[in-house]
Amino acid sequence: MPKHVKLELLKTLPTHARLVIMYGATEASARLTYVPPERLESKIDSIGIPIAGVTMSVMSPEGKILGPGETGELVARGENIMLGYYKDEEATKRVLDAHGYHTGDLGYRDEDGFLYVTGRKDDQIKVGGHRVNPQEIEDMIVESGLAAECLVFGIPDPLQGQRLAGLVVPIRKTADTVEGILKYCGAKLPKFKVPGSLRLVEAIPKTSSGKPDRARSVRLLEAVKAAGE
């Protein structure tokens, strides 16, 4: 959940309401961390601390436990972690080992022990020598106040290897919605993180589990471009 959404919720909810932000995975039945409500404003970007019975580590690709401020993969241990995927040993081996459950999320731990997610290990996009986390850009697009939802991905580019493009579900579709989003991103992000093209759509394609489907989204982008929309 983007930072500005959480802040707006805190302003909107009645004073007696408590907002609890949690992080988890289906493989963890289904929660791993939470942000204590009294720490939410001071740790607004954090996914929190482990729930009871769970330990979380930040690990390097070599299996080294990393210290505060060092970015690596979030790895979880606990009795709530699955034993494996049904009849799929290969997929199980990719995420479970002696260290625990490898979430596929990249992040770090601060000096207070609070965890932060910086992106997905398999979603990183290399643009002209820079590694880009699409989640950062997606959050910025929604923060513009012009988009209800969006998805950013890389498409082939002969000069940069990949360039950024995306689909946007607008709050209100106007002739200058895309221009307004790109202008907002340009004021907040370095140039290499600003998408080269955005297309407005009615909905972001999703997988059967409800997650954004990047492969179908790329195809939809091409279809929208071909239609001249």
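Laboratory data are not the source of any read-out in this text; all were calculated from the coordinates shown. Keep in mind that this is a model prediction, so the values were computed, not measured. Neighbour counts are summed over all protein chains in view; Cβ atoms, including those assigned to glycine, are modelled from backbone coordinates with ideal geometry.
Annotations for the structure displayed:
- For the range 3-120, with +1 on Lys and Arg beta carbons and -1 on Asp and Glu, the positive-most of Gly24, Leu9, Pro36 along the dipole: Leu9
- Within straight-line cross-link reach of Lys93, aspartates and glutamates at Cα separation under 15 Å, skipping those fewer than 8 residues along the same chain: Glu27
- Scaled radius of gyration (Cα, divided by 2.2 N^0.38 Å) that the range 69-155 gives: 1.34
- Ranked Glu70, Glu62, criterion: other C-beta atoms within 10 Å, fewest first: Glu62, Glu70
- C-alpha center-to-center spacing [the range 150-229, the range 46-90] in angstrom: 31 Å
- Taking 0.36 nm per residue of separation and subtracting the Cα-Cα distance, full extension of the segment from Lys188 to Met22 would add 57.0 nm.
- Remark: the chain carries a charge dipole of roughly 440 debye about the Cα centre, counting +1 on each Lys and Arg Cβ and -1 on each Asp and Glu Cβ.
- Candidate lysines - alpha carbon under 23 Å from Lys173, same-chain residues fewer than 8 apart omitted: Lys183, Lys188, Lys206, Lys225
- Relative exposure of Cys150, Cys185, judged by other C-beta atoms within 10 Å (fewest first): Cys185, Cys150
- The range 1-71: trypsin sites (Lys or Arg not before Pro) falling in loop per DSSP and having at most 12 other Cβ within 10 Å: Arg18, Lys64
- Over 28 Å (Cα to Cα) - which of Lys87/Lys121; Lys11/Lys121; Lys6/Lys193 fall in this group: Lys11/Lys121
- The stretch between Glu41 and Val224, if pulled fully straight at 0.36 nm per residue, gains 61.9 nm over its current Cα-Cα span.
- The loop-placed trypsin sites (Lys or Arg not before Pro) in the range 66-118, going by DSSP, that have at most 14 neighbouring Cβ atoms within 10 Å of their Cβ come out as Lys87.
- Ranked list, fewest to most other Cβ atoms within 10 Å of each Cβ, for Tyr34, Tyr86: Tyr86, Tyr34
- Whole-percent pair-distance distribution, where bins are 5 Å wide, for the alpha carbons of the range 125-226: 2, 13, 25, 26, 21, 11, 2, 0
- Springs between Cα atoms under 10 Å define the GNM used for the chain, and in it the highest mean-square fluctuation of Val218, Val20, Val169 occurs at Val20.
- Distant-in-sequence amide H partners of Ala25 (H built 1.01 Å from N, under 5 Å): Arg31, Leu32
- Restricted to Cα atoms, the range 20-81 shows a radius of gyration and a Dmax of 12.2, 36 angstrom.
- Kirkwood's formula applied to the C-alpha pairs of the chain gives a hydrodynamic radius of 19.4 angstrom.
- Under the Karplus curve 6.51 cos²θ - 1.76 cosθ + 1.60, θ = phi - 60°, whole-Hz ³J(HN,Hα) for the range 107-123, x wherever Gly or Pro sits: x, 8, 10, 8, 5, 8, x, 7, 9, 9, 9, 10, x, 9, 4, 8, 9
- Scanning residues 5 or more positions from Gly104 or on other chains, those with amide H under 5 Å from its amide H are Leu74, with H placed 1.01 Å from N in the peptide plane.
- In nm, spacing of pseudo-spin labels at Gln162 and Asp122 (7 Å Cα→C-beta vector): 1.3 nm
- Amide H contacts under 5 Å for Glu149: Val169, restricted to partners 5 or more places along the chain or on a different chain, H placed in the peptide plane at 1.01 Å from N.
- Expressed as a fraction of 2.2 N^0.38 Å, the C-alpha radius of gyration for the range 1-127 is 1.13.
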